[in-house]
Amino acid sequence: MPDILIASASFLPHADPIPLPAPVWLFRFLHQLTLSLHFISVYLLLGGLLTAVLLNFLGHRRGSARAINASGAISNWLPIIMTYVINLGVPPLLFAQVLYGQALYASSILIGASWIAVIPLLIVCYQLLYLMKYRASDGKPFALLGLGSLLTAWAIARIYTMNMTLMLEPSIWQQAYATTQTGTLALSGPASWMRWGYMLSGGVSWVGLLLIWLARKSTIETEDKAFMRQLGTRLAQIGSVLMVAAGFAVWDAQPEVVQDACSFNHLGWRIGVSVWAIGTVGFVTAITYMYELTEASNWRIPLLASVCGLLQTVGFVFCRDLIRDASLGRFGFDVWDRIVVTNWSVVGLFLLLFVAGLGVLGWLISVGYRAKNEVNHE
Ligand code: HEM
């Protein structure tokens, strides 16, 4: 047995004996696509909350109408963004359980108390978003409510990063369970904190893009548009730099054998990192070019920046899966090694409904964006 392989039958539970109803590549593709969309929604939620809270707090403290209006424009969108976070989180969770259930179920049990706590935390976070929006529409300060929502969103993100990191370390499960059987395990290593940091940086970057899109709306006053565009540009640039630093830190926190498997010697890694890098450079270039050279009403450049941001996210999710495969590969787990009995008629029907569902989601976003009332809770 090679040294690299720390495989032991006792670390990983047996695979589910029921064959997969569709090829692994299809599950993987759908998982990466839906997870990319979930991550974009999470970025918008985390960054939107942070920015809205800071702007609202500083705006009321310093009497800046620009900052208060921008915080209101963001908070108006947060409950909608939350519906996307949740609805685009469910599909990748199902796909991840199908593909990586042997690892994901075990780690979920080890942190069971926090894992279950996601549901009440989510309810609190969501309720506070609505209260923020209502107060914003009445012109009242909402920074304290927003802070509560932000802290619960950060906590949920932290629980997810703990679980997704713990599932990659089967060798510590038995010891962890022997230490605590109450599901209150808390992971502290740098890997999980760096993953969390990457998602928070993404928030800073994507809320910048959100502000730029919102500044185009006809319901926003001219002075507010200029403020939101300028702030959005700076946040998108700063967030992108932070993402690059956090991305490297995530890689750096991996064990040496995982770093070797996720290096430029491997085609998959080269492709993933290239997509991520092209997306990042395209995103920053488009944002910077737009601010320096184009009119506020230009929609092509923000659209280009959004496409580049999507590319960056897809590249990140692809690399993230390669890290997962290399980590679990140390324990003899191979995601491609599954019995598949494809039921093509069910798969075809599913794909049809899936594409239609994505179309409806896109249409709903465009309806919301074109809506006349910026703030309305009647
Ligand atoms: C406020 C709400 C939420 C926040 C802030 C949030 C945040 C995050 C973060 C930060 C990660 C990345 C973890 C990592 O890679 O280390 C993640 C992954 C994930 N989240 Fe969410 N999430 C939220 C809600 C949800 C919900 C409601 C679901 C599903 C019902 C969900 C499903 C997932 C899945 C499936 C993954 C990754 C699975 C994989 O690794 O394959 N999330 N989430």
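Please state the shape class of segment 114-216: rounded when a/c is under 1.5, otherwise prolate if a/b exceeds b/c and oblate if not, all from the C-alpha gyration tensor.
oblate
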In whole Hz, what ³J(HN,Hα) sequence does segment 67-73 give by Karplus (6.51, -1.76, 1.60; θ = phi - 60°), x for Gly and Pro? 5, 5, 5, 5, 5, x, 4
Would you give the gap between the C-alpha center of segment 238-257 and the C-alpha center of segment 136-160, rounded to a whole Å? 26
Label LEU351 and ALA371 with points 7 Å out from Cα along Cα→Cβ: what is the distance between them in nm? 3.5
Using mean Cβ contacts within 10 Å as the protection proxy, how do 90-101, 190-201 order, highest first? 190-201, 90-101
Calculated FRET value between SER263 and LEU93, using beta carbons and R₀ = 30 Å, to 0.05: 0.50
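Under the classification rounded if a/c is under 1.5, otherwise prolate if a/b is larger than b/c and oblate if not, where does segment 289-377 fall, given a ≥ b ≥ c as square roots of the Cα gyration tensor eigenvalues?
Verdict is oblate for segment 289-377.
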Segment LEU54-THR182, length gained on full extension (0.36 nm per residue, minus Cα span): 42.4 nm
How tilted is helix 112-137 with respect to the longest principal axis of the chain? Cα atoms for both, answer in degrees (0 to 90, nearest 10). 10
In a Gaussian network model over the chain where Cα atoms closer than 10 Å are linked, find which of GLY47, GLY59, GLY357 has the largest mean-square fluctuation. GLY357
Among 212-219, 155-162, how do they line up by average Cβ neighbours within 10 Å per residue, starting with the highest? 155-162, 212-219
How many angstrom separate the Cα center of segment 78-96 from the Cα center of segment 16-76? 10
Segment 165-202 and segment 335-351: distance between their alpha carbon centers, rounded to Å: 32
Among chymotrypsin sites (Phe, Trp or Tyr not before Pro) in segment 293-362, those in a DSSP loop whose Cβ has at most 13 other Cβ atoms within 10 Å are TRP299, TRP336
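Laboratory data are not the source of any read-out in this text; all were calculated from the coordinates shown. The shown structure was predicted, so the numbers you read here are calculated from the model rather than taken from an experiment. Virtual Cβ from ideal backbone geometry, glycine too; neighbours counted across all protein chains shown.
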